[in-house]
Amino acid sequence: MAPPTRSSSAAPVVPEQLQPLVKQLADLTRDDFDLVVHAARAELRPRELRTISWESLQKAKGIVNLGGNADEDCKALYDG
């Protein structure tokens, strides 16, 4: 992972309490930056996957309806 560039106009907004960390990371050499990022990623704990039963999944089916028909929309776009 490359260190962030100082000339980036679309820099993400970082909470004020993390600004000192951003400054420290930006001051590192590329090799040290990569080493720190790699070590931090190694410390991440895997997320626990959540599961639901098939019955619950079937009950949830149709709860949200965003409208439209993907098949008809694709035909309209590609078949004229």
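The values are calculated or read from the model by the stated rules, or taken from the named source; none is laboratory data. What you are looking at is a predicted structure, and each value in this text was computed from that prediction instead of being measured. Cβ placement follows ideal geometry from the backbone for every residue including glycine, while neighbour counts extend to all protein chains displayed.
Residue-wise test of (1) loosely packed, with under 10 Cβ neighbours inside 10 Å; (2) at pLDDT 85 or above; (3) in contact with a Cys (Cβ under 8 Å, 6 or more places away or on another chain).
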| position | (1), (2), (3) |
| --- | --- |
| Thr5 | yes, no, no |
| Ser8 | yes, no, no |
| Glu16 | yes, yes, no |
| Lys23 | yes, yes, no |
| Phe33 | no, yes, no |
| Thr51 | yes, yes, no |
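Give the residue that is farthest from the chain's Cα centre (by Cα), with candidates limited to residues of the stretch 60-80 that are surrounded by 10 or more Cβ atoms within 10 Å (Cβ to Cβ) and small (Gly, Ala, Ser). By that ranking, first place goes to Ala76.
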